[in-house]
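> Before we start, here is the structure in question, set down as C-alpha cells.
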Number of protein chains: 2
Amino acid sequence: MKHIVMALVAVLLPCAARGQKAAPSAPAQVAQEVRNYRMENEDRIVRELCEFLAIPNVASDTANIQKNAAHLVEMLEARGIETHLLPVTGRGPVVFGKLITPEARRTVIFYAHYDGQPVDPAAWTDGAPFEPALRDAVIEAGGKRIPFPANSAGHRSIYNDDWRIYARSASDDKSPIVALLAALDALRARKISLALNLKVILEGEEEAGSANLQRTLELHKNLLGADLLITADGPVHQSGRPLVFFGNRGDIGIEVTVYGPVRALHSGHYGNWAPNPAMALSRLLASMKNEDGRVLIDGYYDDAKPLGEAEKKALAEMPENDADLERELGIAKPEGGGKKLVELIMEPSLNARGLRSAYVGAQAQNVVPDRAEASLDARLVRGEDPQKKFNQIAAFIRRQGYYTIDHEPTMEERRSHERIAKVIYEGGYRASRTPMDLPVSKALVRVVQDATGGTAVIAPTLGGSVPMYIFEDLGLPWIGVPIVNYDNHQHSSDENLRLGHFWRGMEIYGAILADLNW
Amino acid sequence: MKHIVMALVAVLLPCAARGQKAAPSAPAQVAQEVRNYRMENEDRIVRELCEFLAIPNVASDTANIQKNAAHLVEMLEARGIETHLLPVTGRGPVVFGKLITPEARRTVIFYAHYDGQPVDPAAWTDGAPFEPALRDAVIEAGGKRIPFPANSAGHRSIYNDDWRIYARSASDDKSPIVALLAALDALRARKISLALNLKVILEGEEEAGSANLQRTLELHKNLLGADLLITADGPVHQSGRPLVFFGNRGDIGIEVTVYGPVRALHSGHYGNWAPNPAMALSRLLASMKNEDGRVLIDGYYDDAKPLGEAEKKALAEMPENDADLERELGIAKPEGGGKKLVELIMEPSLNARGLRSAYVGAQAQNVVPDRAEASLDARLVRGEDPQKKFNQIAAFIRRQGYYTIDHEPTMEERRSHERIAKVIYEGGYRASRTPMDLPVSKALVRVVQDATGGTAVIAPTLGGSVPMYIFEDLGLPWIGVPIVNYDNHQHSSDENLRLGHFWRGMEIYGAILADLNW
C-alpha cells in the first residue's frame, strides 16, 4: 500500500525534483508514450475534465468564474506548477503558472481561457450546459446519451474516439487545459523530461472580449519572460486534421438599436402610420451588405494588408474541402462570390450575429414594435484598427439618415429625429500574425508534423479571434496549436468535444513539451 | 337583516320578475343614474373586475381558459342571465347568455372576448400580468403603485378617474364585460327597465384568431336570433372621446423563417462564407415595403374597395389629433407619405410584428445564426380575401428567389436551394362593415351621443380586427361601442385600464340597454 502511494507521488512530482533525466525522444515516440499512458488513464482524465466543465464559466458570472480560477489553481499545483492569480476587477483572475526545467534554454507560454460564451440552457438538447453529458456520437448523427463508464482501473481505452462530451467549454476552451496537464502527467509517468520551461496564462474573460488582459499582463510583465507563446484556443481544420496557425483575425462587437413609437402599438390601430423599427432595421442591415456578402460600407476593405508570399504559399497548400463542408452544413451556395473559405477568412467580415424585435411564433403579438435590435460583429485583418472600423460602421449608419446616440433616446430626440439608432461599441482588438519563416515557427511545425504523421494543416491565419495582439505587443512570437474538433458548436448551444481529438491533442502537447527546441 | 337580504335579492332579479315597469328614460338621465349607482359601488365593481383579471387567459392555456369560462358563468347567472357553454375543442368555450325583456321588440347581442394576448411577464413593470395592480396614473406619467382602497361600504367615489388597473385584458377585453354587467346591476338598482332582449356572446380565443367561432355559432344558430350585435372590443378614439365604429379591418398572421447553415457557426471561422440568415431576412423584409411604408408586393392594394360617400363624410368629420399622437408617442415622422392616421387605417397594411435570430445584447454569441424569423401581420380592408392576401405575400417571397416550404427544410432541400423560406399561414379573416345609414345605426349613434353629451366620435372603420365577418355572414348588422382608453398597451406588456373610461363605459352600456330602440 505504501509502495503504491509513493509511486503516485513520484508521478505527480516534476522530473527535476526526482533528479533523473530521460533520453531525448523523437516527437512520434513521445506521442506514442502519451497515447499508452492515456489508454491506461482515460477514466481519470475524463473525470478531471468533467469536474472542470461542471463549474459554470460565463465571464460575467463573477462568483462562478472565481470558482473556476480556484479550481485551476488546485489543478496546476497538483502538478507542482507554481501558481499566481493576477486579479481582474469584477472578473475571473488571470491564472498564471510556471514550471521550470533546470536545463532548458527556452521558455514557452501556453495560453488558454477558462471562461465560456453565454448560454441559453433552453437551446441545449440536454438543457444543462454545465452538466457534462456523454454521447456515443455527435447529435447530428443521432448520437445517444450514454452513461460515463464506471471507474475502470486496469482497463485500457474505455472511451471510443467518436464519443463526445457535451458541455459549455467542452471545446472552447477548457479541454486544451486538461489535455496539457494530462500530457504533463504522461511525460512524468513515462519519465520523459521536458525540453523547455513551461508557463501558463489562463484567462477568465476571453469570450467577453479580453478587456483587461493587456493591462493585467503589463502589471505583471516580470512574469512573462519567454521565447514563444502557444495558444490552444480554436478548433482544428475542418478536414479533421491537426492545425498549426500563425495568425488570427481581430474582432469588434457592436449593438445597434433602432426605434419606433415610444411604446409598442396595436398593429391594427396604428399599422401603416407608426414607423416600424423592425422594417427600418431590415433596411439598414440590407444596405450594409450585398447578396454575395460583400460589405457595402465605404472603405471597408481599404486598410486590409495584402498577403505576403509565405502566406499565399501556405494558403495554396491548405486542403480544399469546401464542398464537403457545404454538404455537411446544408449550404447550397456560400457567400463570397465563389472564393474559397480559406481565402474569405483572410478578409474583413461584417456579421449579423443576432436580431430581436418584439416576439415571433407562438409569442407573437399584433404590435408595431417599439424597437428592433441587431447585434453585429466584425472580424478584422492585419492593417485594420478596431476603433476606426467601428467609426466606419457608425458613419455609414449616419449616412443612412440615422441620428446616432449611445443612450436610450429622450422624448425630445424622438420627436426631432425621424431615424434614431443607438450604436454601442463593445470594444474589440486587432488581428495579429507571426511570420511563418522564423526558426521557432519551423521548429514547431516540425514537432507537430512528426507527432501526427505529417497530417497537420499549416494555416497563415485562423478565421476566429484570440487576443494575441497583446503578446505581439510584448514582443513575443505566438503560434496557435488547437486540438478540438471543428464541429464542436463553439459559441453556440450543444458545444461538444470529440474524444479522439482530445486524445490526439494530448499527444501533440506532449511532443511539444518534450521536444520543441530551436 | 332579513330585510336587507330581500332587498339585495330584488336588486339581483330581472325587472320582469319583479313585475314592475319603470318610466322610459332619456339616455342622459340613464347615464346619470348609472353614475350615481357606480359611485356608491366602485368597490364591488372593481373587485369583480380584479377577480376576473386574476385568472390567466391566454387562449392556448386550456386549463386556465376553462376557468375563465366557469367564472363567467357564475358572473352571468348571478344576474339571472340564462347561460350556456358552447364547447370548442381544446379552447375555452363560447359563453352564451340570454336575458329576456318580455315587452321588448328588439334583441341585441353583446359580443366580447375573455381571452388575452400572450404575455412575457419579464416585460411587465410589475412582472405579474395576472395580478391586477392599481396605479395612481399611467406608468409613462410616473404612475406609482398604490394599494386598492379598503372596502368602502357607504363611501362614494373612492377611485380617481385617472387611476389605472394594470393586468392582461384589463382593457382587452374583460373590462367591457364587467362594465355591461355592472350597468345591468345599476339599471336594476335604479328600477330602470331594459328596452331590449340582451344576449351575450363571450369568446375564448379571439386573440388566437377566432378559428372556431364561426363553426361554433353555426352549430348553435338557433340561439342567435337578434336585430343587432354590439361589439365591445377595441379602444375609444385617441382624443379620449367615446367611439362608435361601423367596420374593422381583417387580419392575417404569417410566420417567415429563413435558413442559414444547419447549425449556428462560429462567425470567425465561417464569417464571409456561411450565408447569414439574419441578413437574408433583412433583405427580404426591406424588399417588401419602401421607406414611406408603401407595400411593394405586386397587386397589394388592388382588391381594396373604395370608400363610399357616407364613409368619406364620416372620415372628414373625425377629429384630427395626429400631431398630439406624434408628440405623445415620440414619432418625428409617421409612415404613410403624409396621409392622416384615419385615412391610413382604411388601407391594407403589412406589419413586421417581430424579429428573432440568435441573440443580442449581453446574450449575443459570435455566430452566423442558423435561422432568422419574422412574424408578420397584414390588415385587410373591404374587398380583400385573407387566403388570397397570403398567397400574394408568399408569391412575392418566391419571386425574391426563395424556395418556400411549410416545414423545417430537409438536408436535401438545404443542399439544393440557395434560399429557403418556411412560410406559415396562421389564418385570419376578412374585414367587415355595417352601413352607417341603417335605422339601427342612426338610433345607436343617437343613444351614445345623448349619453355622452354629444362627444362621441363616429368612425366608418376601426384599424384593428374583430371577427365581425362571422355576424355579417349570419345577416346580423353589427356596430362597435368600445369603452377603454386608447393608451391601454393593448396586446403589449403593461396593459391597463383607465378607470374614468371604465365608468363612462358603464354609463354608455346602461343607456343602450335602457333606451336603444328603432
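We did not get these values from a lab; they are worked out from the coordinates using the rules stated. Keep in mind it's a predicted model, so treat the numbers as computed, not measured. Cβ placement follows ideal geometry from the backbone for every residue including glycine, while neighbour counts extend to all protein chains displayed.
> Once you sort the root eigenvalues of the Cα gyration tensor of the range B:117-181 as a ≥ b ≥ c, which label holds: rounded (a/c under 1.5), prolate (a/b larger than b/c) or oblate (the other case)?
The shape class here is oblate.
> Right, another one. Across peptide B:330-343, what mean number of C-beta atoms from other chains lies inside 10 Å of a residue's C-beta?
Average per residue, whole number: 5.
> Continuing with the same structure: Going by amide H atoms built from the backbone, whose H comes under 5 Å of the H on B:Val200, apart from near neighbours?
Distant-sequence amide H within range of B:Val200: B:Gly97, B:Lys98, B:Phe110.
> Out of residues 5 or more away from B:His113 or on other chains, whose amide H comes under 5 Å of its own, with H placed 1.01 Å from N in the peptide plane?
So B:His113 has HN proximity to B:Glu203.
> How long are the three semi-axes of the equivalent ellipsoid for chain A, computed from the Cα gyration tensor as the root of 5 times each eigenvalue, in whole Å, largest first?
Sorted largest first and rounded, they come to 44, 25, 22 Å.
> Let me ask something additional. Output the 0 to 90 degree angle, nearest 10, between the alpha-carbon long axis of helix A:27-53 and the longest principal axis computed from the alpha carbons of chain A.
60 degrees
> What do you get for the angle between helix A:439-451 and the principal long axis of chain A? Use alpha-carbon atoms, 0 to 90 degrees, nearest ten.
Long axis of A:439-451 versus the principal axis of chain A: about 70 degrees.
> Based on the inverse mean of 1/r over its pairs of different Cα atoms, what is the Kirkwood hydrodynamic radius of the range A:34-121, in Å?
On the way: mean 1/r = 0.0673 Å⁻¹.
Its Kirkwood hydrodynamic radius stands at 14.9 Å.
> Right, next: Could you run the Karplus curve 6.51 cos²θ - 1.76 cosθ + 1.60 with θ = phi - 60° over the range A:355-361 and give me ³J(HN,Hα) per residue in whole Hz, x for Gly and Pro?
9, 7, 7, 6, 9, 10, x
> Is the C-alpha gyration tensor of the range B:315-438 telling us rounded, prolate or oblate? Criteria: a/c under 1.5 is rounded; beyond that, a/b larger than b/c is prolate, otherwise oblate.
Since a/c reaches 1.5 but b/c is at least a/b, the shape of the range B:315-438 is classed as oblate.
> May I ask what percent, to the nearest 5, of DSSP beta bridges between residues of the protein assembly as shown are antiparallel?
70 percent
> Let me ask another. Taking each residue of A:367-375 in turn, how many C-beta atoms of other protein chains fall within 10 Å of its C-beta, and what is the average?
Going residue by residue through A:367-375 and averaging, the value is 6.
> In whole Hz and in residue order, list the ³J(HN,Hα) couplings for the range B:502-508 that follow from phi through the Karplus curve 6.51 cos²θ - 1.76 cosθ + 1.60, θ = phi - 60°; x for Gly and Pro.
In residue order, the calculated couplings are 4, 4, 5, x, 4, 5, 5 Hz.
> Moving on. Going by the alpha-carbon gyration tensor, a ≥ b ≥ c the square roots of its eigenvalues, is the range A:445-510 rounded (a/c under 1.5) or, if a/c is not under 1.5, prolate (a/b greater than b/c) versus oblate?
Values: a/c = 2.14, a/b = 1.12, b/c = 1.90.
Cα axes put the range A:445-510 in the oblate bin.
> Which residues make up the longest stretch of chain A that has no GluC sites (Glu not before Pro) in a DSSP loop with at most 13 other Cβ atoms within 10 Å?
Working: sites that count: A:Glu103, A:Glu320.
The segment A:104-319 is the longest one with no such site.
> Starting from the amide H of A:Val367, placed 1.01 Å from N in the peptide plane, find each other amide H under 5 Å away whose residue is 5 or more places distant or on another chain.
Sorted by chain and number, the residues that satisfy this are A:Ser267.
> Considering all projection directions equally, how large on average is the shadow of the alpha-carbon convex hull of the range A:183-251, in square nanometres? Don't jump to the answer; show the numbers that get you there.
Working: hull surface 27.9 nm².
So the mean shadow area of the Cα hull is 7.0 nm².
> For each of A:Trp478, B:Trp273, count neighbouring Cβ atoms within 10 Å of the residue's Cβ, then give the residues from fewest to most.
A:Trp478, B:Trp273
> For the range B:469-486, list residues with backbone N below 19 Å from a point placed 7 Å from the Cα of B:Arg327 toward its Cβ?
Residues B:486 qualify, since their backbone N sits under 19 Å from the label point.
> Also, I was wondering about something else. Based on DSSP, what percent of beta bridges with both residues in chain A are antiparallel, to the nearest 5?
Of the beta bridges lying entirely in chain A, close to 65 percent run antiparallel.
> Same structure, new question: Let me know the volume per residue of the alpha-carbon convex hull for the range B:96-214, in Å³.
140 Å³
> One decimal, nm, shortest first: give the distances between the label point of B:His220 and those of the same position in the other copies, each label point 7 Å from Cα along Cα→Cβ.
Nearest first, the other copies' label points are 7.3 nm away.
> Hey, another quick one. Could you tell me how far the Cα centroid of the range B:340-399 sits from the Cα centroid of the range A:202-256, in Å?
Between the Cα centre of the range A:202-256 and that of the range B:340-399, the gap is 41 Å.
> Over its Cα atoms, what ratio of radius of gyration to 2.2 N^0.38 Å does the range A:83-163 give?
Scaled against compact globular proteins, the figure is 1.65.
> Can you tell me the relative contact order of chain B? Whole percent, Cα pairs under 8 Å, sequence separation 6 or more.
Worked out over chain B, it gives 26 percent.
> Give the nm distances, rounded to one decimal, from B:Ala128 to the matching residue in every other copy, measuring between label points 7 Å along Cα toward the beta carbon; shortest first.
3.1
> Quick one: with label points 7 Å out along Cα→Cβ, list the inter-copy distances for A:His407 in nm, shortest first?
Label-point separations across copies, in nm and ascending: 5.4.
> The protein assembly as shown: Rg/Rh from Cα coordinates, Kirkwood Rh?
Working: Rg = 34.9 Å, Rh = 32.2 Å.
Computed over Cα atoms, the ratio is 1.09.
> Taking beta carbons within 10 Å but only from partner chains, what does the mean come to for residues B:230-237?
Partner-chain Cβ atoms within 10 Å, mean over residues of B:230-237: 1.
> Just to confirm the number: angle between the C-alpha axis of helix B:62-77 and the first principal axis of chain B, 0 to 90 degrees, nearest 10?
Tilt of helix B:62-77: around 20 degrees.
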